[in-house]
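Following: one structure in structure tokens, then a few remarks.
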Amino acid sequence: MISEKMEKAFNEQINKELYSEYLYLAMKSFFTELNLQGFVNWFDVQVQEEHAHAMGMYDYVHERGGKVELLTIDKPVVEGKTPLEVFEQTLKHEEFVTSRINLLMDVAEEVKDRAALSFLDWYLKEQVEEEANVGGILATLKLIGDDKKALLMLDKDLAARVFNPPVIG
Ligand code: OFO
């Protein structure tokens, strides 16, 4: 059985994962307007991944006999005006999510919920991957600068990204 405190923390994180899905959907729209189809594909995969992250926690709370409470999702705001700025925001957002997963692990430690700790381990590893992935694209965008040809080459690379449904936990 899940503790009330742990259940609340998971419900808040389900909301953050759904917000991530929403934010990346807004970013997908940003790149659709620029007609950068590789970036559109990259964010489409990101949207699906975030949905899977939320559903992983949703299923877990049920599995542990808890109650899922769906909270209001904030309106997403794309802060950047260029691909570089959008990726800066993406990295900042992923770092925020990592801090949230750490917080959840703190709660799990506090209430001595070892099952939750073991479950959350997958999310922590996923965050390491996400930050590295986004950081890599950001570094490339910095190198590209104003070079339109190089931007289109990166766009072509990002078109190859495929969504593989994650096996969580
Ligand atoms: Fe981007 O990993 Fe979930 O939020």
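The values are calculated or read from the model by the stated rules, or taken from the named source; none is laboratory data. Being a predicted model, the structure only gives us computed values, none of them experimental. Cβ: placed from backbone, ideal geometry, glycine included. Neighbour counts: every protein chain shown. Protein only, heavy atoms only, side chains kept; ligands, DNA and RNA dropped before computing areas. Shrake-Rupley method; radii C 1.70, N 1.55, O 1.52, S 1.80 Å.
Observations
- Residues that are open to solvent by 60 Å² or more (accessible area, probe 1.4 Å), under 20 Å from ARG114 (Cα atoms) and charged (D, E, K, R) do not occur anywhere in the stretch 68-82.
- Every residue from the stretch 1-19 that is aliphatic (A, V, I, L, M) and open to solvent by less than 70 Å² (accessible area, probe 1.4 Å): ILE2, MET6, ALA9, ILE14, LEU18
- Close pairs (6 angstrom Cβ cut-off, 6 or more residues apart or separate chains): free of Cβ contacts under 8 Å to residues at least 40 places away in the same chain in the stretch 112-138, surrounded by 13 or more Cβ atoms within 10 Å (Cβ to Cβ) and among the polar types (S, T, N, Q) anywhere: GLN127/THR98
- The stretch 111-124, residues that are open to solvent by less than 30 Å² (accessible area, probe 1.4 Å) and over 18 Å from the mean Cα position of the chain (by Cα): ASP113, ALA116
- The residues on offer are TYR22, TYR60, and the sole one that is surrounded by fewer than 20 Cβ atoms within 10 Å (Cβ to Cβ), farther than 17 Å from GLY135 by Cα, hydroxyl-bearing (Ser, Thr, Tyr) and within 15 Å of the ligand (Cβ to nearest atom) is TYR22.
- Counting only residues that are more than 15 Å from the ligand (Cβ to nearest atom) and surrounded by fewer than 15 Cβ atoms within 10 Å (Cβ to Cβ), the stretch 86-110 holds 3 of them.
- Residue in the stretch 151-158 that is among the acidic types (Asp, Glu), touching a residue at least 60 places away in the same chain (Cβ under 8 Å) and crowded, with 16+ Cβ neighbours inside 10 Å present: yes
- Near pairs, Cβ below 6 angstrom, 6+ apart or cross-chain, from the stretch 28-54 (assigned to a helix (DSSP H, G or I) and away from the ligand (no atom under 16 Å from the Cβ)) to any residue that is of a type outside the set (A, V, I, L, M, F, W, C) and open to solvent by less than 10 Å² (accessible area, probe 1.4 Å): none
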